[in-house]
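Each remark here refers to the structure printed beneath this line.
The values are calculated or read from the model by the stated rules, or taken from the named source; none is laboratory data. Everything numeric here is computed off the predicted structure, so don't read it as measured data. Neighbour counts run over all protein chains shown; Cβ positions are idealised from the backbone, glycine included.
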Amino acid sequence: MAKDFGKEERRIKNILSPGTEFIYNDVKYIVLESGKPTCRNGEPKTDIYVLASFEGGTKEFKISYKKGNADFLENKTSADRAEVLFGSEWAKFISSATSDISKAFSNKPLIYKKKFGRTDKGAFTLGWKFELLNKDSGELSNKINLTYQQVIDVYAGTNLPKDKRDALVNGKVISDSGIATHLLFGDNYSSVEDIFDNLYTIEEYVDLHPNVYFACKALNYRCYKNKWDGNRPLAVYIDWSVVNGKLSYEIKFDKPLITKGNDVGNKLLDALKQLGIETDEDVTKDNVEDYQIVYE
């Protein structure tokens, strides 16, 4: 998927090479410069930067590109990014959103003795990451209440840190090049006309699609590989422990994006070691306090 995305990005950038002419909103432009904005850590919102001239001046097109099947707006959301999006009360905001669907979390298995969908046999859930999407995404998803400006910020990256706002394009820093002004969805673009016929300003797109959704995606310890997928910030986490000689748990909503995968994973490993549990095959009704969390 990442390779395909990079290929599409490069295709679009090549179409928009310097000297290319195009018409946008009945105005004729000529591309002066194009490139991919980059920054030292993470990524800006702009995927393709275009500076074009027209009769009377120049205009920047800072394009956030998403493939036709893309639904995520923010993935691997961190505390820093959440504060940028939601303000100083971001933690209460996320806790409230996830607590509203607490029953859905309570109904999820936490230990898998056989494969379930994309979840492998031998998975122990550590918690759930927080993503923002442009559509509903199942039982651990819900509409999130944002102001119009907050939705703009999600798509444009208006409040990105300075190093991501003032990104590097073709070896030079360009002010605000990392803040997107336009959105482009789709695949296999082959002409400049096709690109600009399908280009939205951020405001145009938000007017048509004003709703943003959050989704919580599981981070699992996979016992047969003895690993989990990185030290991800968790919106909701499992506080694993040993109580009266049995594996116990509590679903916690109180420290969104502060508690991370390594903290929870290491505590789980310690509990499993105390109980002599190496894989899901060692999990029984005798060593798990609430066996309803086991999928078998």
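Looking only at segment 260-285, how many residues end up being surrounded by fewer than 20 Cβ atoms within 10 Å (Cβ to Cβ), touching a residue at least 12 places away in the same chain (Cβ under 8 Å) and in a loop (DSSP other than H, G, I, E, B)?
2
Of everything in segment 237-296 that's among the aromatic types (F, W, Y) and touching a helix residue (DSSP H, G or I) at 6+ places or on another chain (Cβ under 6 Å), which residue is farthest from L140 (Cα to Cα)?
Result: W240.
Say we look at segment 76-127 and pick out the residues that are of a type in the set (F, W, Y) and modelled with pLDDT of 90 or more; which of these is nearest to E250 (Cα to Cα)?
Out of the qualifying residues, it is F105.
Residues are listed down the side, and each one gets a yes or a no for (1) touching a strand residue (DSSP E or B) at 6+ places or on another chain (Cβ under 7 Å); (2) at pLDDT 90 or above; (3) surrounded by fewer than 20 Cβ atoms within 10 Å (Cβ to Cβ):
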residue	(1), (2), (3)
Y148	no, yes, yes
V151	yes, yes, no
R165	no, yes, no
G171	no, yes, yes
I179	yes, yes, no
H182	yes, yes, no
S191	no, yes, yes
D197	no, yes, yes
I202	yes, yes, no
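Can you work out which of the residues in segment 39-86 that are surrounded by 15 or more Cβ atoms within 10 Å (Cβ to Cβ) and of a type in the set (V, I, T) is farthest from D153 (Cα to Cα)?
So, considering only residues that are surrounded by 15 or more Cβ atoms within 10 Å (Cβ to Cβ) and of a type in the set (V, I, T), the one farthest from D153 (Cα to Cα) is V50.
Yes or no, residue by residue, for (1) touching a Gly at 6+ places or on another chain (Cβ under 8 Å); (2) part of a loop (DSSP other than H, G, I, E, B); (3) within 20 Å of G171 (Cα to Cα); (4) aromatic (F, W, Y):
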{"residue": "R10", "(1), (2), (3), (4)": "no, no, yes, no"}
{"residue": "S17", "(1), (2), (3), (4)": "no, yes, yes, no"}
{"residue": "K45", "(1), (2), (3), (4)": "yes, yes, yes, no"}
{"residue": "I63", "(1), (2), (3), (4)": "no, no, yes, no"}
{"residue": "T77", "(1), (2), (3), (4)": "no, yes, no, no"}
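Are any of the residues in segment 117-136 without any contact (Cβ under 8 Å) to a residue 40 or more places away in the chain, in contact with a strand residue (DSSP E or B) (Cβ under 9 Å, 6 or more places away or on another chain), crowded, with 17+ Cβ neighbours inside 10 Å and over 14 Å from L219 (Cβ atoms)?
Checked segment 117-136: no residue is without any contact (Cβ under 8 Å) to a residue 40 or more places away in the chain, in contact with a strand residue (DSSP E or B) (Cβ under 9 Å, 6 or more places away or on another chain), crowded, with 17+ Cβ neighbours inside 10 Å and over 14 Å from L219 (Cβ atoms).
Restricting segment 204-216 to residues that are surrounded by 17 or more Cβ atoms within 10 Å (Cβ to Cβ) and of a type outside the set (F, W, Y), which is modelled with the lowest pLDDT?
Among residues in segment 204-216 that are surrounded by 17 or more Cβ atoms within 10 Å (Cβ to Cβ) and of a type outside the set (F, W, Y), the one modelled with the lowest pLDDT is V212.
Is there a residue being closer than 30 Å to S99 by Cβ and touching a Pro at 6+ places or on another chain (Cβ under 6 Å) anywhere in segment 221-235?
Checked segment 221-235: at least one residue is closer than 30 Å to S99 by Cβ and touching a Pro at 6+ places or on another chain (Cβ under 6 Å).
Out of the residues in segment 144-175 that are without any contact (Cβ under 8 Å) to a residue 12 or more places away in the chain and of a type in the set (D, E, K, R), state the one that is nearest to F61 (Cα to Cα).
Here the residue is K172.
Which one is surrounded by the fewest Cβ atoms within 10 Å (Cβ to Cβ), of the residues in segment 89-107 that are touching a helix residue (DSSP H, G or I) at 6+ places or on another chain (Cβ under 8 Å) and within 17 Å of L126 (Cα to Cα)?
F105
Please verify whether segment 88-108 includes one or more residues that are touching a Gly at 6+ places or on another chain (Cβ under 9 Å) and charged (D, E, K, R).
For segment 88-108, residues touching a Gly at 6+ places or on another chain (Cβ under 9 Å) and charged (D, E, K, R): absent.
Filter segment 240-259 for residues that are among the acidic types (D, E) and surrounded by 17 or more Cβ atoms within 10 Å (Cβ to Cβ) and give the result.
Passing the criteria: none in range.
Would you call K28 surrounded by fewer than 21 Cβ atoms within 10 Å (Cβ to Cβ), of a type outside the set (A, V, I, L, M, F, W, C) and not in a loop (DSSP other than H, G, I, E, B)?
Criteria met by K28.
Out of (1) assigned to a loop (DSSP other than H, G, I, E, B); (2) in contact with a Ser or Thr (Cβ under 7 Å, 6 or more places away or on another chain), the odd one out for E131 is which?
(1)
Residue-by-condition table, conditions (1) assigned by TED's automatic domain parsing to the domain that holds A82; (2) part of a loop (DSSP other than H, G, I, E, B); (3) aliphatic (A, V, I, L, M):
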position: K121; (1), (2), (3): yes, yes, no
position: T125; (1), (2), (3): yes, no, no
position: K135; (1), (2), (3): yes, yes, no
position: D153; (1), (2), (3): no, no, no
position: D176; (1), (2), (3): no, yes, no
